[in-house]
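Single-structure report; data block below.
The values are calculated or read from the model by the stated rules, or taken from the named source; none is laboratory data. These figures come from a predicted structure and were not determined experimentally. Neighbour counts are summed over all protein chains in view; Cβ atoms, including those assigned to glycine, are modelled from backbone coordinates with ideal geometry. Surface areas here come from the heavy atoms of the whole protein model, side chains and all, with no ligands, DNA or RNA. Shrake-Rupley method; radii C 1.70, N 1.55, O 1.52, S 1.80 Å.
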Amino acid sequence: MRVGATVGATVQRRQMLGVESHLAPVLLAASETSVKIGVLLPDLAPVGPTHILVVVNHRIESQMSGSSMSRSLRFAVVSQLTLGGFLALCVLVTPRFAFAANEGGVSNYGVHGATVIPYTLAFVGSASFLFLAGRALRYTDGLGRAALGFEVVALMLGVVLVSTYPYKIDRTLADVHLGAAIGLFCAELPLVAGLAFALSSKSRQVIVWLGWLGALGWLTGAAVAALTVLGFIHLLFLGQAVMSAGFAAVLVTSLQAEVTPRRTMSGRSRPQRSWSTPWKR
C-alpha cells in the first residue's frame with residue numbers, strides 16, 4: 001500500500017509540474033545504488049523494491065524541485081524586466097514627472113494617453129510573471145514558503161494598477177489609490193525581510209551582498225516615498241524607483257542563490273548550511 005502511494009504521489013506531482021524526466025534511467029541508477037548499499041551494508045540497507053522506490057522518489061523530487069526553482073527564477077527576472085522596461089519607456093515619452101523639481105509619482109503615467117498603455121503593460125506583465133514565479137516556487141524544497149508572498153505582491157500590483165486610472169477624479173479616489181500603494185508596501189515588506197534573512201544562510205558571495213544591498217535600497221526608497229507623502233520632501237518618483245530596483249535585486253538574488261550551488265576549490269558542489277529561515281520548509 002505504501003509503495004503504491006509513493007509511486008502515485010510521484011506520478012501526480014510530475015504531471016502537475018510537467019517535469020521532463022526519464023524514469024527508466026532513474027530506476028536503473030536507483031537499482032544499482034540499492035544493490036551497492038545492500039552489498040556493503042547488508043544488515044542496514046536490505047535490497048528490495050521499497051528501497052528502490054524510495055531512492056527513485058527522492059531523485060525525482062530533487063529534479064522537480066530544481067526545475068521549479070529555475071522556472072521561478074526565470075519568471076521573476078521577466079517580471080522585473082517587464083516592470084522596469086515599460087516604465088522606462090514611459091519616462092522616455094514623458095520625462096517631466098521624473099525630472100521636475102516637484103516630482104510626481106509613477107502613477108501619473110497611468111492617467112495620460114501617451115503613457116497609459118506602457119504603464120498598464122508594466123503592471124500587468126510584472127504581476128502576471130510574479131504570480132507564476134510564486135506558483136512555481138510552491139513545489140521547491142528551498143523557498144517554498146515565500147510563494148504566498150510572491151502571489152500577494154502580484155495581487156497588490158493589480159490593485160494599484162486598477163486604482164490608478166480614476167485617482168485624479170476626486171480626493172476619495174486618490175485616498176483609495178494611496179491605500180493601495182500602502183498595501184503594496186505592506187505586502188513587499190515581509191517578503192523582502194524574509195528573503196534577505198534567508199540569504200544569511202549563504203556564504204558571503206557577491207550575489208548575497210547584492211541581495212542585502214537591494215534590501216537596503218528598498219528600505220531607503222520606502223523612506224523617501226514616505227517622507228514625500230508626509231510633505232517633508234518632493235522626491236516621490238525617485239523613492240519609488242529606488243524601492244522597485246531594491247525589490248528586484250532581493251527577489252532575483254535570493255532565487256539565484258538557491259539555483260546556483262556553491263563550489264569548493266576542487267569544483268565539487270558543497271551543501272548549503274541548513275539554517276532555519278522564515279521561508280525554508
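Being closer than 21 Å to SER126 by Cβ, open to solvent by less than 50 Å² (accessible area, probe 1.4 Å), of a type in the set (Phe, Trp, Tyr) and within 15 Å of the chain's Cα centre (by Cα) holds for only one residue in PHE237, PHE247, and it is PHE247.
Every condition in (1) among the hydroxyl-bearing types (Ser, Thr, Tyr); (2) more than 16 Å from ARG74 (Cα to Cα); (3) out of contact with any helix residue (DSSP H, G or I) (no Cβ under 7 Å at 6 or more places or on another chain) is met by SER163 except one, and the failing one is (3). Taken together, PHE123, PHE129 contain a single residue that is open to solvent by 20 Å² or more (accessible area, probe 1.4 Å) and assigned to a helix (DSSP H, G or I), which is PHE129. In region 228-248, the residues that are assigned to a loop (DSSP other than H, G, I, E, B) never reach a residue that is of a type in the set (Phe, Trp, Tyr) with C-beta atoms less than 9 angstrom apart, at least six apart or across chains. Candidates in region 137-153 are the residues that are assigned to a helix (DSSP H, G or I) and open to solvent by less than 10 Å² (accessible area, probe 1.4 Å); of these, the one that is modelled with the lowest pLDDT is GLY144.
Could you tell me how many of the residues in region 192-215 are touching a helix residue (DSSP H, G or I) at 6+ places or on another chain (Cβ under 7 Å) and assigned to a helix (DSSP H, G or I)? Give the derivation first.
Just the residues of region 192-215 that are touching a helix residue (DSSP H, G or I) at 6+ places or on another chain (Cβ under 7 Å), to begin with: 192, 194-196, 198-199, 202, 207-208, 210-215.
With assigned to a helix (DSSP H, G or I) added as a condition, the list becomes 192, 194-196, 198-199, 207-208, 210-215.
Selection size over region 192-215: 14.
Taking the criterion of being at pLDDT 90 or above, in a helix (DSSP H, G or I) and open to solvent by 60 Å² or more (accessible area, probe 1.4 Å), would at least one residue in region 57-77 satisfy it? Write out each step before concluding.
Within region 57-77, the subset at pLDDT 90 or above is 70-77.
Those still in the list that are in a helix (DSSP H, G or I) too: 70-77.
From what's left, open to solvent by 60 Å² or more (accessible area, probe 1.4 Å): 74.
Within region 57-77, one or more residues are at pLDDT 90 or above, in a helix (DSSP H, G or I) and open to solvent by 60 Å² or more (accessible area, probe 1.4 Å).
When ALA196 is tested against the conditions (1) under 14 Å from ALA248 (Cα atoms); (2) surrounded by fewer than 16 Cβ atoms within 10 Å (Cβ to Cβ), the lone failure is (2). When PHE150 is tested against (1) in contact with a Gly (Cβ under 8 Å, 6 or more places away or on another chain); (2) without any contact (Cβ under 8 Å) to a residue 24 or more places away in the chain, only condition (2) is not met. Among the residues of this structure, VAL242 does not count as one that is modelled with pLDDT of 90 or more, touching a Leu at 6+ places or on another chain (Cβ under 8 Å) and open to solvent by 10 Å² or more (accessible area, probe 1.4 Å).
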